[in-house]
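For reference, the structure discussed in these notes is given below.
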Amino acid sequence: MTLASFAGTASADRLPWYSQSPTATGSGGAAATEHPLATQAAITILNAGGNAVDAAVAASAVQGVVRPFSGGIGGGGYMQIYLADDDRVLVLDHRSSAPASFDEETFIDPVSGEEYDEAVRNNSGAAVGVPGVVKAWEKAVTLYGSGAVTLAQILQPAIDVAEDGFYADANYIREVTENQERLCAFTSTIAIYLNSDCSVPAIGSLVTNQDLADMYQLIATSGSSAFYSGAVASAIVATVNSPPVRTTGTPIPFYVQPGNMLTSDLSSYTVPEYAALHVNYRGYDVYGPPPSSSGGTTIGEMLNVLEGYPMASLPREQALHYYLETSRRAFADRSAYLGDPLTYANPMPVDGLLSENYAEHVRQHIQDRGTQRFVAASDPWPFDANPLLKAKPLPADGAGAVTFDFTGLSNGAAWDTGGQFVSETRTSSESIEVLDESGDMQITSTQFSYVRAAAQMDAAPDTELLVRFKPDSLTGDRRLRFWLRADGWNATTSPFNGYAVEISSSSDTVRIIRTRNGNAVFALASFTHARSLDWQWLRFRVEGDQLSVRLWDDGDNEPRHTWTHTMQDTTVTAGGGFLTALIELGTTATSGGGFRIDDMFVTDLKPVAFASNFTAANGATWDSTGQFTTQFGTGNSNPGVGASIDVQANAGHLYLDKTQFAYARATANMASLTNSELLVRFRMNDLTDDRSLRFWLRADSWNSLGSPHNGYGIEIQSDLDEVRMFRVRQSNGAFALRTLTHTRTTAWQWLRFRVEGATMKVRIWADGSPEPLSWLGELSNADVTAPGKLLIGALESTGGTGVTGGSFDIDDLAVYDLDVMESGGGGGDDGSSTIHLTTADGDGNIVAYTHTLNSIGGNGAVVPGYGFILNNELNTRVPSKSPVGHPNGPRPGMRPLSSMSPTMVFQNGNPVLAIGSPGGETIITTVLQVLLNRLDFGMSLPVAVEAPRATQRNTSAFGHTLVEPEFALIPEYDDLLERGQLFDISGLTYGTGAVNAVEFLPNNKVRAVSEAWRRGGGSAMVQTPDP
């Protein structure tokens, strides 16, 4: 190995500084890789008569020299091949596999019994899987190569680069710099990739690797057997089991755990071949790898879900919202259900996950608002067992207030059976009963003949109805009415107050109607919807001042991207229930008739677990409402003096005098909750002294004057522009987890405080102002897990001379149970590194090839004498991430679930494009986003690749999505924030992913496309460039 440093660019008398272009258009074959030397190797092999497979192996071998920290023969991957003559797409799975000794105990510290931390696992011999690249190269060339060039010819460009050297560009040096500490741990790695003192070479240094050149020559001469047996296999095993750790100089800052690999693990390695998975997306046939890769399944599921939305015609921010929410759901499924089929004994629901009916089931969970937490996996198993199973519409997320479907009730039974309804008829000539396990409402032809039913439910202001209905004839003038926010019958079929959707038997006009204060029915709006004698669905939502109606035919997918009609009205605000009625309004009907209804669900959209607006006489105690238990006093020994807690001006009032440790506190008389959110209005009446107001959630009972034994709290202070986020556990003192800056004021303010899972969030804003989009503070803490209640306390901490005493007021208090509401999950920058290339030949064969060492630089160790770095593909296979028995749980021989996603798109049997990317889990979102940009949003492929990226992988406890800085500059960014999407700006200076793709154009033209700047920019070439 030689490291010769040059000032500025490389010396012109040795090798040219490489010119490269991210796009090339022309005819014949094409290649796109991360480095111009790799792309040139592919073109050289194509020019020598090789095909796309030969070219892919040649480019891959060169990338192993010039991009050694992302991929190489010490790792594994997936080669997806399209064979034009056979018209089929296949995948060679050569993911690195665990040794036979690997199990759930591998990464357990025998001394502590705990899992080794990430730094140990990442750099360990135990994390190394049996590499698969060399055997995959051989199989690909032997079975699917052209036969016109030998393996020796294919590997010669890489041998030349390794021997003659290449100039280290900025991206190469960045990867060395970021992993300097890891690479410096191993003597064999220092010898090739660092200076002798472990310092990082300069940009422009000439890097040679004679050991790797000799290794390639050995493979070229003797095939894969030279790698998987004999001296090389023994050297791999020795490197794994006795890592070549540096023993001089600065101590290595982490323990290098040895592995337990045998030469038999290498000699028994196989490369299974699978048919690629396939989905159809808007007429495009999309192919991707099956498990052990999750790429084909997850991208396929997301495309199926997104096909239910008219992405091209939607406002772009709405389309991006659906992309992010779909990605959350698909990644939740990925984590729950996928693994290695070769070593997992049980089935995996791949067919179910790729079912179009399951996609509709997933869409039912996607709301118009961004999800701000992890989401759970859905259930694909019924759709796996029966791919023809239709997905039924699901009630809205929230608390089920009414659930009634008449199942099991005999014909003629009353709706009142079971106690969920109270039904009535005008006379004995009408009926409201059960028929064929559905509700049947029949009235006569007499004007004002009616039947009606009132659901037995608690009043709620924000609700949604989901119901199935159909008329038995389209005659007469019968009106079917569904009322929400209704307070009880007033007239025959209308309440004193409420909103309703009215369906007519005689007209295609649907009305939204209202009653208030006992007045007559008033039509707020009307719209046209075709009548039908078939079953139809209605979704009717009343939320705040927004009324939304959606109608669609039973058996069709619900058009969840749009409402049939929406409007606003502010005249009925109080909570109410659900009523339904049928009335004949016509005077010329010759016969009676009716409607059938079924599958009735009413959801309380914002289920309040506890609420108080402190409506009571001045001076009344909080206890008198029955909602609180209160105490006040001075210190532990003086109860009932120095403070008060009562109602003043219809607000909760907490007063503290000037005495030190004066306190007033209250415990809400409510059920204990694990995940809850407090919304409350408050004000500080004085900005002096040292008073604090604390709100506690997940709190058990009072321990000290102002703190429970266990709980999470928010503290507002009278003397500082600070808000503190607290935790107390096991009766210890309150511990400030974070201090936030917030300007004090004596004006009313709102506080929203959420405790969910291991996360705390707080938001404060001025009364009368819009609620801000972002949280004032967010943090993670898992110390308090048991359910608890709301506790409120005020405390004077200092007292004494100069202290005057003061008070706090609170009002409009509500605690929401988040466990009956679904919110939603993004993640941090991904430290893994992979490499991808795409090749095509003039005969129509295509290869999309992704392989990896897992982390950047793998486990950091070069196999001495052979010049290649080993992977660390097993580093995350610990029980805490995937338990034993999980499809991706630790076990002997396993191939860890991968995100690698070599993907091909065809239309009418003709290739459209082939694509892939590195980037760990961000591979999936990168590939999908480019596909959406190209297929839905009409971008050219170069523009689609260049566009800013957002990656939502359901890994953020707060529901954040990781985005490139440029994404925050797009016009839709603020609109996404308005929808409740939360973002983290990536700190990666080299971008997310690094696409390499080939696109097939009219007139037998081909275009290779790589990155313009991400990871230093890629290289695209074609055999015959356009002039």
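The values are calculated or read from the model by the stated rules, or taken from the named source; none is laboratory data. Since we're looking at a predicted model, the values are computed, not measured. Cβ atoms come from the backbone with ideal geometry, glycine included; neighbour counts cover every protein chain shown.
Against the definition (surrounded by 20 or more Cβ atoms within 10 Å (Cβ to Cβ), at pLDDT 95 or above and aromatic (Phe, Trp, Tyr)), how does Phe958 come out, yes or no? Against the criterion (surrounded by 20 or more Cβ atoms within 10 Å (Cβ to Cβ), at pLDDT 95 or above and aromatic (Phe, Trp, Tyr)), Phe958 does not qualify. Only one entry in Val141, Val89, Val133 is among the aliphatic types (A, V, I, L, M), at pLDDT 95 or above and closer than 30 Å to Asn195 by Cα, namely Val133.
Annotation note: of Arg514, Arg479, the sole residue that is over 24 Å from Ser591 (Cβ atoms) and among the basic types (Lys, Arg) is Arg514. Among the candidates Arg1014, Arg979, the residue that is on the phi < 0 side of the Ramachandran plot and in contact with a Phe, Trp or Tyr (Cβ under 8 Å, 6 or more places away or on another chain) is uniquely Arg1014. Filtering Ser624, Ser591, Ser644 for residues that are among the polar types (S, T, N, Q) and part of a strand (DSSP E or B) leaves a single hit, Ser644. Checking each residue in region 461-482 for being closer than 19 Å to Trp537 by Cα, surrounded by fewer than 23 Cβ atoms within 10 Å (Cβ to Cβ) and out of contact with any Asp or Glu (no Cβ under 9 Å at 6 or more places or on another chain) picks out Ser473, Leu474.
So that you can scan it fast, the table gives a plain yes or no per residue for (1) among the small types (Gly, Ala, Ser); (2) surrounded by fewer than 21 Cβ atoms within 10 Å (Cβ to Cβ); (3) under 30 Å from Asn669 (Cβ atoms); (4) at pLDDT 90 or above:
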site	(1), (2), (3), (4)
Leu779	no, yes, yes, yes
Ala786	yes, yes, yes, yes
Asp812	no, yes, yes, yes
Gly827	yes, yes, no, no
Ser832	yes, no, no, no
Ser855	yes, no, no, yes
Gly860	yes, no, no, yes
Phe868	no, no, no, yes
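All of Ser97, Ser146, Ser101 fail the test of being small (Gly, Ala, Ser) and touching a Pro at 6+ places or on another chain (Cβ under 8 Å), apart from Ser101. Could you say whether any residue in region 982-997 is in contact with a helix residue (DSSP H, G or I) (Cβ under 8 Å, 6 or more places away or on another chain), of a type in the set (Val, Ile, Thr), surrounded by fewer than 22 Cβ atoms within 10 Å (Cβ to Cβ) and closer than 30 Å to Ala377 by Cα? Taking every residue of region 982-997 in turn, at least one turns out to be in contact with a helix residue (DSSP H, G or I) (Cβ under 8 Å, 6 or more places away or on another chain), of a type in the set (Val, Ile, Thr), surrounded by fewer than 22 Cβ atoms within 10 Å (Cβ to Cβ) and closer than 30 Å to Ala377 by Cα.
Scanning region 413-455 for residues that are on the phi > 0 side of the Ramachandran plot and over 45 Å from the mean Cα position of the chain (by Cα) yields a single hit, Phe448.
Here is a check on your reading of the model: is Ile73 touching a helix residue (DSSP H, G or I) at 6+ places or on another chain (Cβ under 9 Å) and either closer than 23 Å to Ser901 by Cβ or of a type in the set (D, E, K, R) (or both)? Yes, satisfied.
In the condition set (1) outside any loop (DSSP other than H, G, I, E, B); (2) out of contact with any helix residue (DSSP H, G or I) (no Cβ under 6 Å at 6 or more places or on another chain); (3) at pLDDT 95 or above, Phe383 is compliant with all but (2).
Annotation: of all residues in region 434-460 being under 20 Å from Gly593 (Cβ atoms) and of a type in the set (Gly, Ala, Ser), the one that is surrounded by the most Cβ atoms within 10 Å (Cβ to Cβ) is Gly439.
Number of residues in region 275-312 that are touching a Pro at 6+ places or on another chain (Cβ under 8 Å) and among the basic types (Lys, Arg) equals 0.
One residue alone among Pro341, Pro310, Pro347, Pro291 is more than 17 Å from the chain's Cα centre (by Cα), part of a loop (DSSP other than H, G, I, E, B) and surrounded by 24 or more Cβ atoms within 10 Å (Cβ to Cβ), and that residue is Pro291. Per the listing Pro461, Pro471, the residue uniquely at pLDDT 95 or above and at negative phi is Pro471. Here is a list of conditions, (1) modelled with pLDDT of 95 or more; (2) more than 31 Å from the chain's Cα centre (by Cα), and Ser124 meets all of them except one; can you say which number that is? The number of the failed condition is (2). Filtered by the rule that a residue be touching a Ser or Thr at 6+ places or on another chain (Cβ under 9 Å) and part of a loop (DSSP other than H, G, I, E, B), region 570-587 gives Val572, Gly575, Leu585, Gly586.
Say whether the condition of being within 25 Å of Asp984 (Cβ to Cβ) and part of a loop (DSSP other than H, G, I, E, B) is met by at least one residue in region 755-768. Checked against the condition, which is being within 25 Å of Asp984 (Cβ to Cβ) and part of a loop (DSSP other than H, G, I, E, B), region 755-768 yields at least one hit. Picking from residues in region 387-404 that are out of contact with any Gly (no Cβ under 9 Å at 6 or more places or on another chain), in a loop (DSSP other than H, G, I, E, B) and not hydrophobic (A, V, I, L, M, F, W, C), the one that is surrounded by the fewest Cβ atoms within 10 Å (Cβ to Cβ) is Lys392.
Picking from residues in region 681-726 that are out of contact with any Ser or Thr (no Cβ under 9 Å at 6 or more places or on another chain) and in a strand (DSSP E or B), the one that is surrounded by the most Cβ atoms within 10 Å (Cβ to Cβ) is Gly711. Entry remark, region 273-299: residues being of a type in the set (Ser, Thr, Tyr) and under 25 Å from Lys139 (Cα atoms) number 6 in total.
Return the residues of region 966-1012 that are assigned to a strand (DSSP E or B) and at pLDDT 95 or above; say none if nothing qualifies. Asn996, Ala997, Val998, Glu999, Phe1000, Leu1001, Lys1005, Val1006, Arg1007, Ala1008, Val1009, Ser1010 - these are the residues of region 966-1012 that are assigned to a strand (DSSP E or B) and at pLDDT 95 or above.
Just one of (1) closer than 21 Å to Asp604 by Cβ; (2) hydrophobic (A, V, I, L, M, F, W, C); (3) touching a Phe, Trp or Tyr at 6+ places or on another chain (Cβ under 9 Å) fails for Ala459. It is (3). Asn304 satisfies every condition listed in (1) crowded, with 21+ Cβ neighbours inside 10 Å; (2) at pLDDT below 95; (3) of a type in the set (S, T, N, Q) except (2).
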